[in-house]
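The structure appears below as structure tokens.
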């Protein structure tokens, strides 16, 4: 089975029209950063939504005047995105390898709840780095796996087994520290990773911001 067939099968099992998890929290984070990036440039930044799914975040950006392109590795979510907003620019990209996007063609990359699904994390982040202009910003969210959250999961066998079900599509699990280190190793700077949702010492998700180094 090809990678794209695998992702198509996953999307076929997802009911259409579901709100993404922590939608309002993540949307507020994205829009605040996008508006700040635009204010610094004097114009709206060009945004790439990686793993755009049904296009919920891309639509919100487009409605606010941002030039946005959404990409995903499966056709089904892009079909749903077009049904939601026919004018939305959404494109298929391979699950691994080179994306059909020009070098340094975006000011901002948003990847909401995507990096945890990626097998070749280094290759994927290298593509993010390539399509960002020097000084462009990466924003991402991913489930948090700090020590207290892991302890809470470990104290309940049922919750632990459900969370790490081998049939699930989450392949990677990040803490603040491991995510920040990964971004630094792949050539990003000004890295900020904070927890959100849940409780202060055991957040539900991570929100990260990083800048592509020049050169």
Going through segment 88-112 one residue at a time, which ones are touching a helix residue (DSSP H, G or I) at 6+ places or on another chain (Cβ under 8 Å) and in a loop (DSSP other than H, G, I, E, B)? 88, 94, 95, 96, 97, 98, 99, 101, 102, 103, 104, 105
Any idea how many residues of segment 189-211 are under 16 Å from the mean Cα position of the chain (by Cα) and either touching a residue at least 60 places away in the same chain (Cβ under 8 Å) or part of a loop (DSSP other than H, G, I, E, B) (or both)? 9
Looking at residue 124 and the list (1) over 20 Å from residue 192 (Cα atoms); (2) surrounded by 19 or more Cβ atoms within 10 Å (Cβ to Cβ); (3) under 16 Å from the mean Cα position of the chain (by Cα), which single condition is not satisfied? (1)
Cβ pairs under 7 Å, 6+ apart, first in segment 27-41 and within 14 Å of residue 107 (Cβ to Cβ), second at pLDDT 95 or above and part of a helix (DSSP H, G or I): 30/57; 34/61
Check off (1) farther than 21 Å from residue 48 by Cα; (2) at pLDDT 95 or above for residue 153 and give me the number that stays unchecked. (2)
Is at least one residue of segment 75-83 modelled with pLDDT of 95 or more, within 17 Å of the chain's Cα centre (by Cα) and within 18 Å of residue 115 (Cα to Cα)? yes
Criterion first (closer than 19 Å to residue 184 by Cα and free of Cβ contacts under 8 Å to residues at least 60 places away in the same chain) does residue 110 satisfy it? no
Filter segment 38-51 for residues that are modelled with pLDDT under 95, surrounded by 17 or more Cβ atoms within 10 Å (Cβ to Cβ) and assigned to a loop (DSSP other than H, G, I, E, B); which is farthest from the chain's Cα centre (by Cα)? 44
I need the full set of residues from segment 59-80 which are in contact with a helix residue (DSSP H, G or I) (Cβ under 7 Å, 6 or more places away or on another chain) and crowded, with 16+ Cβ neighbours inside 10 Å, in order please. 59, 60, 61, 66, 68, 70, 72, 73, 74, 76, 77
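Just one of 54, 35 is under 25 Å from residue 137 (Cα atoms), modelled with pLDDT of 95 or more and not in a strand (DSSP E or B); which is it? Steps first, answer last, please.
On the way: 35 fails: modelled with pLDDT of 95 or more.
Selected residue: 54, the only one of 54, 35 that is under 25 Å from residue 137 (Cα atoms), modelled with pLDDT of 95 or more and not in a strand (DSSP E or B).
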Out of everything in segment 1-32 that is farther than 16 Å from residue 112 by Cβ and outside any helix (DSSP H, G or I), what residue ends up being modelled with the lowest pLDDT? 1
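The values are calculated or read from the model by the stated rules, or taken from the named source; none is laboratory data. Just so you know, these numbers come straight off a predicted model, no measurement behind them. As a convention, Cβ positions derive from the backbone with ideal geometry for all residues, glycine included, and neighbour counts pool all protein chains shown.
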